[in-house]
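A.B. asks: Can you keep this structure in mind? I'll have questions shortly.
The values are calculated or read from the model by the stated rules, or taken from the named source; none is laboratory data. Just so we're clear, the structure is a prediction, and the values are computed from it rather than from any experiment. Counting neighbours? That spans all protein chains shown, and the Cβs are built from the backbone with ideal geometry, glycine included. Protein only, heavy atoms only, side chains kept; ligands, DNA and RNA dropped before computing areas. Shrake-Rupley method; radii C 1.70, N 1.55, O 1.52, S 1.80 Å.
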Amino acid sequence: MDQHVQEQLEALRKIDPKVDTMVREHRALDAKVTVLAEKAHLTPEEDIELHRLKKEKLLLKDKLEALIHQQKSA
């Protein structure tokens, strides 16, 4: 996420526990993706898991960005 989005998320985290939980989940997914992506060779199961984690992370990012846009519109 870009710096501006992260700043907005940090502000929302302070007022909305749901956003805080979502940001924590996104960071945890990012850490898991990083660990798998750094491996030299992935098993077929790890490859599937990596793709699943990336999709889950992207979905969560989209939800967070939607919350930011809702907040701007309110």
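A.B. asks: Would the range 18-38 turn up any residue that is over 21 Å from LEU59 (Cβ atoms), charged (D, E, K, R) and in contact with an Asp or Glu (Cβ under 8 Å, 6 or more places away or on another chain)?
C.D. replies: no
A.B. asks: Which of the residues that make up the range 23-41 are part of a helix (DSSP H, G or I), open to solvent by 50 Å² or more (accessible area, probe 1.4 Å) and not small (Gly, Ala, Ser)?
C.D. replies: Selection gives ARG24, GLU25, ARG27, ASP30, LYS32, THR34, VAL35.
A.B. asks: Regarding LEU59, is this residue open to solvent by 70 Å² or more (accessible area, probe 1.4 Å), under 11 Å from the mean Cα position of the chain (by Cα) and of a type in the set (A, V, I, L, M)?
C.D. replies: It is true that LEU59 is open to solvent by 70 Å² or more (accessible area, probe 1.4 Å), under 11 Å from the mean Cα position of the chain (by Cα) and of a type in the set (A, V, I, L, M).
A.B. asks: Now a separate question. If you check ARG13 against the conditions, is it surrounded by 13 or more Cβ atoms within 10 Å (Cβ to Cβ) and either among the charged types (D, E, K, R) or free of Cβ contacts under 8 Å to residues at least 24 places away in the same chain (or both)?
C.D. replies: Yes.
Every residue, every condition in (1) farther than 26 Å from ILE68 by Cα; (2) modelled with pLDDT under 95, yes or no:
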| residue | (1), (2) |
| --- | --- |
| GLN3 | no, yes |
| LEU12 | no, yes |
| GLU38 | yes, no |
| PRO44 | yes, no |
| GLU49 | yes, no |
| ARG52 | no, no |
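A.B. asks: Sticking with this structure for a sec: List every residue pair whose Cβ atoms lie under 7 Å apart, where the two residues are 6 or more positions apart in sequence or sit on different chains, the first residue falls within the range 56-69 and is touching a residue at least 40 places away in the same chain (Cβ under 8 Å), and the second residue, located anywhere, is among the aliphatic types (A, V, I, L, M) and open to solvent by 50 Å² or more (accessible area, probe 1.4 Å).
C.D. replies: Note: pairs meeting the criteria are LYS61/MET1.
A.B. asks: Can you name every residue in the range 42-74 that is aliphatic (A, V, I, L, M) and not in a helix (DSSP H, G or I)?
C.D. replies: Result: LEU42, ALA74.
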